[in-house]
1. Any idea how many residues of region 209-225 are part of a loop (DSSP other than H, G, I, E, B), under 13 Å from Arg254 (Cβ atoms) and open to solvent by less than 10 Å² (accessible area, probe 1.4 Å)?
2. Taking region 35-50 only, how many residues are open to solvent by 10 Å² or more (accessible area, probe 1.4 Å), closer than 14 Å to Cys95 by Cα and of a type outside the set (Lys, Arg)?
3. For region 51-77, enumerate the residues that are surrounded by 17 or more Cβ atoms within 10 Å (Cβ to Cβ) and charged (D, E, K, R).
4. Here are the criteria: (1) polar (S, T, N, Q); (2) open to solvent by less than 60 Å² (accessible area, probe 1.4 Å); (3) over 15 Å from the mean Cα position of the chain (by Cα). Tell me which single one Ser263 does not satisfy.
5. Quick check: anything in region 293-316 open to solvent by less than 60 Å² (accessible area, probe 1.4 Å), modelled with pLDDT under 95 and touching a Phe, Trp or Tyr at 6+ places or on another chain (Cβ under 6 Å)?
6. In region 134-152, how many residues are part of a helix (DSSP H, G or I), surrounded by fewer than 24 Cβ atoms within 10 Å (Cβ to Cβ) and in contact (Cβ under 8 Å) with a residue 60 or more places away in the chain?
7. Could you check Val100 against (1) open to solvent by 10 Å² or more (accessible area, probe 1.4 Å); (2) aliphatic (A, V, I, L, M); (3) within 23 Å of Ala300 (Cα to Cα) and say which number it fails?
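The values are calculated or read from the model by the stated rules, or taken from the named source; none is laboratory data. Treat the numbers as computed from the prediction; the structure is a model and nothing was measured. Here Cβ is always computed from backbone atoms with ideal geometry, including for glycine, and neighbour counts include all displayed protein chains. The protein model used for the area step is the full one, side chains on, heavy atoms only, and it has no ligands, DNA or RNA in it. Shrake-Rupley method; radii C 1.70, N 1.55, O 1.52, S 1.80 Å.
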Amino acid sequence: MHALQFSTTGTLDSLQLRDLPTPVPAAGEVLIEVRAAGLNPSDVKNVLGRFPYTTTPRFPGRDFSGVVVDGPPELLGKAVWGGTGKGFGFSRDGCHAQYVVVPAAAVVAMPESLSFAQAATCGVPFITAWDALERSQVQAGTRLLIIGAGAVAQAAQALGKARGANVVLATRRAEVAQALQAKGVSAFQLPEAEQLPDQARSYFQQHAPQVIFDTTGYWLSAAVNSVDAFGRVAVIAAPVDGLVSMSALNLYRRGGSIIGVNSLLYSLEDCARMLARIGAAFAGGIAVTEDFIERPLSEAVAAYHQVNAGSSEKIVLIP
């Protein structure tokens, strides 16, 4: 089979498309013929050595959809999706290959409303968003402010709306806010940090947001100053040095909580259970983006370089 493999970390130059034996599943595992695999920024960072637990040689890739071709009889021929969890693509081979082996409990039936390529775009963004909304207790009527407009932010917006929350997105660039508004999404351009509390309240009928989800890593201090009493601030990113200056006084006076969100803390089986619940939300009618580019696996190395160069286009690799 063809598979993308890196032998050392620290540079994308170690990535190669290789012809290797098809893996054989052990008891309790399944062999998936990969029909589509998402390319996430974390896949690129993995090859660049940003994750200390990565072992080599390794196939990268965290999100996939495909068909079960070997394993328990009841799963054979089933269209499934999975991935994202702890170790996958880091300490065990990932899915940027024609075939991948995972535990049988780590895959679930793919929603019929999704194509294989659409399903492969969902894992990391939707599981991250799901975890953030679950742990920050977003439910019907919750005033939810999402900072950012990337894949995780848009997944959180869709899932938040499905829960009946009052959702608003805030983004740095005016043209992005306008594009979201044109799609019927409540959105505004981010002000300066000191203006965020007043501007956020203006979008929630003069009430402060109960939950703020910062998907950028740069608005934690402003979010703490903007959230309502007993509010929750969820974060998934930070500046490169990892340091943020914020007012602990403003946090404890509000009775606020900061929630760190990291999908790599969950096992593949945990993530499959989340995908099952996310799939039910898709069945309820939430939309999945079609704003992605399909590239053959033979062009995967170039795709990695494209993402590393700063491209914001979502890429799906097709074996």
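1. Residues of region 209-225 that are part of a loop (DSSP other than H, G, I, E, B), as a first pass: 209-210, 215-219, 225.
Subset that is under 13 Å from Arg254 (Cβ atoms): 209-210, 225.
Remaining after also requiring open to solvent by less than 10 Å² (accessible area, probe 1.4 Å): 209.
Here the count works out to 1.
2. 1
3. Taking region 51-77 as the starting set, the residues that turn out to be surrounded by 17 or more Cβ atoms within 10 Å (Cβ to Cβ) are 54, 58-68, 70-71, 75.
Correct list: Arg58, Arg62, Asp63, Asp70.
4. So the condition that Ser263 fails would be (3).
5. For region 293-316, residues open to solvent by less than 60 Å² (accessible area, probe 1.4 Å), modelled with pLDDT under 95 and touching a Phe, Trp or Tyr at 6+ places or on another chain (Cβ under 6 Å): present.
6. Kept after step one, since they are part of a helix (DSSP H, G or I), are these residues of region 134-152: 134-135, 151-152.
In the following step, the residues that additionally are surrounded by fewer than 24 Cβ atoms within 10 Å (Cβ to Cβ) were identified as 134-135.
From what is left, the residues that are in contact (Cβ under 8 Å) with a residue 60 or more places away in the chain are 135.
So the count comes out to 1.
7. The single condition Val100 does not satisfy is (1).
Table: residues versus (1) within 18 Å of Gly256 (Cβ to Cβ); (2) in contact with a strand residue (DSSP E or B) (Cβ under 7 Å, 6 or more places away or on another chain).
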site	(1), (2)
Ala162	no, no
Leu169	no, yes
Ala179	no, no
Lys183	no, no
Glu192	no, no
Gln205	no, no
Ala208	yes, no
Ile212	yes, yes
